[in-house]
1. If you check LYS139 against the conditions, is it out of contact with any helix residue (DSSP H, G or I) (no Cβ under 9 Å at 6 or more places or on another chain), in contact (Cβ under 8 Å) with a residue 40 or more places away in the chain and buried (at least 18 other Cβ atoms within 10 Å of the Cβ)?
2. Among the numbered conditions (1) at pLDDT 95 or above; (2) under 19 Å from ASP72 (Cα atoms); (3) in contact with a strand residue (DSSP E or B) (Cβ under 6 Å, 6 or more places away or on another chain); (4) of a type outside the set (Ser, Thr, Tyr), tell me where ASN106 comes up short.
3. Taking the condition of being acidic (Asp, Glu) and modelled with pLDDT under 90, how many residues in the range 63-85 meet it?
4. State yes or no: is SER200 of a type in the set (Gly, Ala, Ser) and at pLDDT below 95?
5. Scan the range 181-231 residue by residue and report those that are of a type in the set (A, V, I, L, M) and closer than 24 Å to HIS148 by Cβ.
6. Could you please find all residues in the range 189-242 being hydrophobic (A, V, I, L, M, F, W, C) and closer than 26 Å to ASN11 by Cβ?
Amino acid sequence: MEERLSGRTVNWGKLAYLLVVFFGCTTIILLPFLGLRGILSVVLWLVAIGAAVAAASCFLLAPCFVKAKKFDSPQKEVSRALEDVSKAAGRKNAPQLMLVDVPEINAIAYYSVFGSRVAVTKGFVQSYLSGAISEADVKAVFAHEVAHLNGRHPLKTSFAASWVVITDYVSSGLIVAGSAFSVIAAATRKSSYAIAAFASILFGVILKVLAKIASIVAFHYQRTIEYEADAGGAEVVGRKGMASMLQKIGRLNQTMRSPKKLFAPERWTTPPTNRNWLDRLFDTHPATEARVRKLLTESVPHEKPKPGQALSRMVESVCSGCGAKLPEGSGFCPFCGAKLRRRGEG
């Protein structure tokens, strides 16, 4: 069920799912201490604090973690690709293109106090220059990232995991404090410091375990967000174009290991370190095979074109550039990268 408010579409089903995930994570952490009645009595405070932490994480901390610089490469076609895809996706202004100096092939959409950002890695640009990935692949990557921004996914995932983040930081602080108390206890031989050290470390470990369990729910939500961004990107470049990009970049990344981490070890180590079923519970992205299968076997919903929106729903079935048959709804040919025209356009 969707409703349009102030020019924006509100999907109540997705909003309800986000709240379920938020309260699921929060309940796992706080239930042993507050009980269900206690949680319900402070529910508004929990939401307000979670929203504040999510906003701080998105607009203040994310740019610091990503550590990207302004994209000033002479390859202007990369910047133009982001502009074209943003326009096709209905955005008035394209996000600022940024560059991160790591060798893997990747991209991330995030916010800052100065506006939306899409950061690509040095490996991404080098792969395009070498011909390992095509202009169509570049546009498919940007379509995926712009779909994240249009869906406000960075803010949603931060809100869903807000109390996981709070608890993890508090637990780490308690463990550090406990270690400090233990040093003081050894130096002064006072039992009070030893008791404080034991209590701080024990409570910190308990909180860290609860945060880890709750993060399973948060990571599951983040994986569903990736599917949503794939579908949103496919509305611009077509399902086959998106699937082709995922497969190609997945294969290329399997051949390298990045000595640096772009954002966090769980999501930016290449190749993925998570192997068994337990580790996969903490993956931020679904397996490439699952994403491709979902794209090619499930229909991608199309929204009605917004007034003045370029490249909305295309009706060409054959690319005029290379003659390839095109998926329904393609904004660009996934084979030669040609920009498609709507029927009747000059």
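The values are calculated or read from the model by the stated rules, or taken from the named source; none is laboratory data. Fair warning: this is a prediction, and the values are worked out from it, not measured in the lab. Backbone-built Cβ (ideal geometry, glycine too); neighbour counts: all protein chains shown.
1. no
2. Result: ASN106 passes all but (1).
3. 2
4. No.
5. Restricting attention to the range 181-231, the residues satisfying the condition of being of a type in the set (A, V, I, L, M) are 183-187, 194-197, 199, 201-202, 205-207, 209-211, 213-214, 216-218, 225, 229, 231.
Correct list: ALA214, ILE216, VAL217, ALA218, ILE225, ALA229, ALA231.
6. Within the range 189-242, ALA214, ILE216, VAL217, ALA218, PHE219, ILE225, ALA229, ALA231, ALA234, VAL236, VAL237, MET242 meet the criteria.
So that you can scan it fast, the table gives a plain yes or no per residue for (1) surrounded by 20 or more Cβ atoms within 10 Å (Cβ to Cβ); (2) of a type in the set (Phe, Trp, Tyr):
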| position | (1), (2) |
| --- | --- |
| TYR193 | no, yes |
| LYS208 | no, no |
| ALA229 | yes, no |
| GLY233 | yes, no |
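Let's see how each residue does on (1) farther than 27 Å from VAL292 by Cβ; (2) part of a helix (DSSP H, G or I); (3) in contact with a helix residue (DSSP H, G or I) (Cβ under 8 Å, 6 or more places away or on another chain); (4) outside the structural domain of GLY24 (by TED's automatic domain parsing):
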site: ASN93; (1), (2), (3), (4): yes, no, yes, no
site: VAL118; (1), (2), (3), (4): no, no, yes, no
site: HIS144; (1), (2), (3), (4): no, yes, yes, no
site: GLY178; (1), (2), (3), (4): yes, yes, yes, no
